[in-house]
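A.B. asks: Right, I'll just put the structure down here and ask away after.
The values are calculated or read from the model by the stated rules, or taken from the named source; none is laboratory data. Just so it is clear, the model here is predicted, and its values are computed rather than measured. Because the Cβ atoms are built from the backbone with ideal geometry, glycine has one as well, and the counts that use them run over all protein chains shown.
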Amino acid sequence: MHIFLGTPDGAFSKPTTIRGTDDKPLIMQSKDNPSPNPKERIKSAPFPIDLNDDGLLDLVSGNSFGTFAFFPATEKGKFNPEPIWLKGPDGQKLRTKAGDSGPTFIDWDRDGDMDLISGSGGSGVFLFKNIGTKKEPQFEKALNLIPPFRLSREDDDEEKMPPRVLGIDHIKAPNVSWRVSIIDFNNDGKLDLIVGDRQFLHLKNESLTLEDANQKLAKWQVKYDAFEKNSKASKLDFDNEDNWTPAEQKIWEDYLDGADQLDAEYEKFAQETALGFVWLYLQN
Ligand SMILES: [Ca+2]
Ligand SMILES: [Ca+2]
Ligand SMILES: [Ca+2]
């Protein structure tokens, strides 16, 4: 984790590494668990907040796995190197359903303490209400502010990837990789959600008419659906990738090879491109 300090002229300094009291770079680690999930150590998403109300700004970071690492400050700008993992009433770590936690804090229920809100790598906005005190926050398990429509790959059985549609006009809602900010956008006294996402756009090759491209897409989609249905890849445990058996690795390699072939066929009539939109959810 790094900080870009503001300069008097409104610019920013070069990044400085944020360090623990042991002077080592702050990382999401866990001494009580010598082999933590590697996804808990990557894609840090730090949010500054004085979470224990001692006058020192602390950090809470999200990660690829979807949990939340709390680094209390012991002095200004120096943090306990060992994070406290935020846990729910059942003693389990708080976690967004499809990973990629990105914490933001606000007093959502206006009871005087800061509540935790996060998007996820799938979709949806999750609220973890603070039911503790200002000095000792305690969080309830997740409530859906916006219910997720797509969960992690292994939960996807009933909610398949939506079929591809050419063009941009059909896009009416956020897709995946939700990042959330909170503000009363329309100044009506109710907090609103601003969501950033990742969309996959499918644009036909310019040489084809839309009708031709749609016909080719329909044929391709049948082939793709059969491939997804027959592959065992969706049964793999993606939280445990490093410990896959050779047979499981083979399933994944075969899946990737098959997907590459389908991609090559797809690119003969259309191109997939990714970009992010910004969406506003006004609270009723
Ligand atoms: Ca503090
Ligand atoms: Ca609150
Ligand atoms: Ca509002």
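A.B. asks: Hand me the list of strands (runs of 3 or more DSSP E) wholly inside segment 19-76 holding 1 or more residues that are farther than 20 Å from R95 by Cβ and among the hydrophobic types (A, V, I, L, M, F, W, C). Spell out how you get there, then give the answer.
C.D. replies: On the way: elements: 45-49, 58-62, 69-71, 73-75.
Counting at least 1 such residues, we get 73-75.
A.B. asks: For segment 186-196: of the residues being more than 15 Å from L145 (Cβ to Cβ) and either part of a strand (DSSP E or B) or not small (G, A, S) (or both), which is farthest from ligand 2 (Cβ to nearest atom)?
C.D. replies: G196
A.B. asks: Now for a separate question. Which of the numbered conditions does P36 fail, given that it passes all the others? Conditions: (1) under 19 Å from G132 (Cα atoms); (2) without any contact (Cβ under 8 Å) to a residue 24 or more places away in the chain.
C.D. replies: Failed condition: (1).
A.B. asks: Oh, and also: Within the set of pairs 6 or more residues apart or between chains, which connect a residue that is more than 13 Å from P83 (Cα to Cα) and charged (D, E, K, R) inside segment 8-29 to a residue that is at pLDDT 95 or above and surrounded by 12 or more Cβ atoms within 10 Å (Cβ to Cβ) with Cβ atoms less than 7 Å apart?
C.D. replies: The qualifying pairs do not exist here.
A.B. asks: Quick one: would you say L193 is at pLDDT 95 or above, buried (at least 16 other Cβ atoms within 10 Å of the Cβ) and under 28 Å from the mean Cα position of the chain (by Cα)?
C.D. replies: So L193 passes the test.
A.B. asks: Still on this structure: Can you tell me which residues in segment 104-121 are within 16 Å of ligand 1 (Cβ to nearest atom) and of a type in the set (F, W, Y)? I'd like the intermediate steps shown before the answer.
C.D. replies: Here is the first cut: in segment 104-121, the ones within 16 Å of ligand 1 (Cβ to nearest atom) are 105, 113-114, 116.
F105 - this is the single residue of segment 104-121 that is within 16 Å of ligand 1 (Cβ to nearest atom) and of a type in the set (F, W, Y).
A.B. asks: Give me the residue from segment 108-126 that is in contact (Cβ under 8 Å) with a residue 12 or more places away in the chain and within 16 Å of ligand 3 (Cβ to nearest atom) and, out of that set, nearest to Q29 (Cα to Cα).
C.D. replies: Applying the filter and picking the extreme gives I117.
A.B. asks: Just a yes or no: is a residue in segment 23-46 at pLDDT 95 or above, within 28 Å of V195 (Cβ to Cβ), under 23 Å from the mean Cα position of the chain (by Cα) and within 16 Å of ligand 2 (Cβ to nearest atom)?
C.D. replies: No: segment 23-46 contains no residue that is at pLDDT 95 or above, within 28 Å of V195 (Cβ to Cβ), under 23 Å from the mean Cα position of the chain (by Cα) and within 16 Å of ligand 2 (Cβ to nearest atom).
A.B. asks: Taking only segment 219-252 into account, find how many residues are assigned to a loop (DSSP other than H, G, I, E, B) and of a type in the set (G, A, S).
C.D. replies: 1
A.B. asks: Residues D169, D113, D100, D157: which one is under 16 Å from A45 (Cβ atoms), of a type in the set (D, E, K, R) and modelled with pLDDT under 95?
C.D. replies: D100
A.B. asks: Of the conditions (1) surrounded by 16 or more Cβ atoms within 10 Å (Cβ to Cβ); (2) within 23 Å of T96 (Cβ to Cβ); (3) of a type outside the set (S, T, Y), Q283 satisfies every one except a single condition; which number is it?
C.D. replies: (1)
A.B. asks: Something else about it: In the list D100, D90, which residue meets the criterion of being of a type in the set (D, E), in a loop (DSSP other than H, G, I, E, B), out of contact with any helix residue (DSSP H, G or I) (no Cβ under 6 Å at 6 or more places or on another chain) and buried (at least 21 other Cβ atoms within 10 Å of the Cβ)?
C.D. replies: Of D100, D90, the one residue that is of a type in the set (D, E), in a loop (DSSP other than H, G, I, E, B), out of contact with any helix residue (DSSP H, G or I) (no Cβ under 6 Å at 6 or more places or on another chain) and buried (at least 21 other Cβ atoms within 10 Å of the Cβ) is D100.
A.B. asks: I'm trying to understand the selection: among the residues of segment 174-190, which are of a type in the set (A, V, I, L, M, F, W, C) and either farther than 16 Å from G276 by Cβ or at pLDDT 90 or above (or both)?
C.D. replies: Passing the criteria: W178, V180, I182, I183, F185.
A.B. asks: Out of L217, L275, I need the residue that is touching a His at 6+ places or on another chain (Cβ under 9 Å) and either more than 16 Å from ligand 2 (Cβ to nearest atom) or of a type outside the set (V, I, T) (or both). Which one?
C.D. replies: L217
A.B. asks: Give segment 254-280 a look and list any residue that's surrounded by 12 or more Cβ atoms within 10 Å (Cβ to Cβ) and charged (D, E, K, R), or say none.
C.D. replies: Those that are surrounded by 12 or more Cβ atoms within 10 Å (Cβ to Cβ) and charged (D, E, K, R): D254, E265, E272.
A.B. asks: Right, here's the next one. Specify the residue that is surrounded by the most Cβ atoms within 10 Å (Cβ to Cβ); the eligible residues are those in segment 21-72 that are of a type in the set (G, A, S) and touching a Lys or Arg at 6+ places or on another chain (Cβ under 6 Å).
C.D. replies: Looking only at segment 21-72, we keep the residues that are of a type in the set (G, A, S), and these are 30, 35, 44-45, 55, 61-62, 64, 66, 69.
From what's left, touching a Lys or Arg at 6+ places or on another chain (Cβ under 6 Å): 64, 66.
Details: S64: 19, G66: 27.
Going through the qualifying residues, I end up with G66.
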